[in-house]
1. Rolling a 1.4 angstrom probe over the protein chains, ignoring ligands and nucleic acids, what is the accessible area of K394 in square angstrom, nearest 10?
2. What distance in nm separates the simple spin-label points at T287 and D230, each placed 7 Å from Cα in the Cβ direction?
3. Under 17 Å Cα-Cα from K100, which aspartates and glutamates qualify once same-chain neighbours fewer than 8 residues away are excluded?
4. Apply 1/(1 + (r/R0)^6) to the Cβ-Cβ distance of A350 and Q411, taking R0 = 25 Å, and write down the FRET efficiency to the nearest 0.05.
5. Only Lys, Arg, Asp and Glu count, each charged at its Cβ (+1, +1, -1, -1), so figure out the dipole size of segment 32-122 about its Cα centre, rounded to 20 debye.
6. Using a Förster radius of 30 Å, what is the FRET efficiency between N448 and K426 based on their Cβ-Cβ separation? Nearest 0.05, please.
7. Report, please, the projected area of the chain averaged over directions, based on the convex hull of its C-alpha atoms, in nm².
8. Would you mind computing, in nm to one decimal, how far apart the modelled labels at S170 and T390 are, each placed 7 Å from Cα along Cα→Cβ?
Amino acid sequence: MKQITLCLLAGMTCWISACQKEFLDKKPNQALTVPTTLTDFQSLLDNNADINVAPYLSVTATDDIYTTDAGLSGAGVVIANSYLWQPDIYQGQTQNDWNKPYQQVFTANVILDGLAKFKPDPASQSQFNMIKGSALFIRSLAFYHLAQQFAMPYDPATAAATLGIPVRLSSDVNQPSTRGTLQQVYDQITHDLLLAADLLPMQNDYKTRPTRQAAFALLARTYQTMQRYDQAGQYASACLNIRKDLIDYNTLTASLAKPLPRALPNGNDEVLYYTALSNVNFFIIPTLTSVDSTLYRSYAANDLRKSIFFTVKSSAITQFKGNYSGTTAMFAGLALDEVYLIRAESYARAGNSSAAMNDLNFLLQNRWKKGTFVPLTASSTEDALTQVLTERRKELVFRNTRWTDLKRLNQDNRFAKTLMRNANGKTYTLLPGSPRYAFPIPDDEVRNSGIAQNNR
């Protein structure tokens, strides 16, 4: 599956690599080999090293991670500046958190443009549909990741007037890059995902390939980010109606270095679509970097996540080991536990606290030591919502969702949070609604394309 034909590898790898620096505007050599067959297109989609990766810097900026002064000094300038929410993060360095997603967008557009000229026969129609749906899904996920890191949070009242990110819908590199509105970005994401859901198969042989269930999960996540909770719940239910079983953590061995089953090719049954953070070393220096101590203490003694997700190295350092990849790769994809939490939150916000707690308790009974879990109850819909959000943070730790949650929940005074760091004798603060929730666009991109820079 992972093999790319020689001419395609030589052509497209060079083409995409040529585009990676100043990605949106640098023009590749048009004489390079262009894919034309369904096999070619599928080979591009199966280039997991480029397609199945997600931005990582925003993870270092969340309140889930803590490092010492010594850890920070050895982190490297980009990670250290992200950790401290500095105005100038990159200091001239190439930024793959921008380049990699746009590389994915470019690949998807090459495929979609090629398919527009392709006339499938009845025997190849299902393969054609899967490839088209996959390209739409990958482009949507790339746009979603870019919006989380390089745009301000989605506010339904202001999204139509808030700067988004460039939405490239063609592989023609001569088309100029512009920043539309955030509303246009999310409209494109949901539009493409709805098309993808109709084209993708119910099942796939590899978790690195999307399915209809994965498209429903990403729709649920996207609508939640947009605060359109009714639709988030609708697509969460559509996802869970296909498959809904969770891992019983009582079946896992917490003492292992990697207690969760390997996601690839098909080991972790909760994983719907596999991506990983593009830099596995975002923990800065592991021996000097810890999970936030308040977060760690929030897990009860009989909550198996405490021992499956974490290992205590010293009184000051607790390390994360609960990757849903089952390896050292930091999982950043879509999984069923997140979908349950999306639906539970949607129920709570709709005033259905009973249904919210049913979903939450179903999740937690698979996470607690057998025979010790007492189902949670809610005194009100607000209490149900608070409990769901509390468990959401504990369940999805280091899954590339916390930064988005902070941006979304900071718009509600009940859940807004001020983040603080102490480093080298100085206190750094990130206020709710701060413009630093939008990472700066790399300077070379601004310089070469002329798009507006984010205010920091």
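The values are calculated or read from the model by the stated rules, or taken from the named source; none is laboratory data. Bear in mind the structure is a predicted one, so any value in this text is a computation, not a measurement. As a convention, Cβ positions derive from the backbone with ideal geometry for all residues, glycine included, and neighbour counts pool all protein chains shown. Just so you know, the surface numbers come from the protein's heavy atoms only, side chains and all, with ligands and any DNA or RNA stripped out. Shrake-Rupley method; radii C 1.70, N 1.55, O 1.52, S 1.80 Å.
1. Roll a 1.4 Å probe over it and K394 shows about 20 Å².
2. Inter-label distance under the simple model: 5.7 nm.
3. The qualifying aspartates and glutamates are E22, D25, D46, D50, D443, D444, E445.
4. 0.85
5. Numbers: 3 positive and 10 negative charges, 61 e Å.
With only Lys, Arg, Asp and Glu charged at Cβ, the dipole is about 300 debye.
6. About 0.30, to the nearest 0.05.
7. On the way: hull surface 85.6 nm².
That works out to 21.4 nm², a quarter of the Cα hull's surface.
8. In this crude spin-label approximation the distance works out to 5.3 nm.
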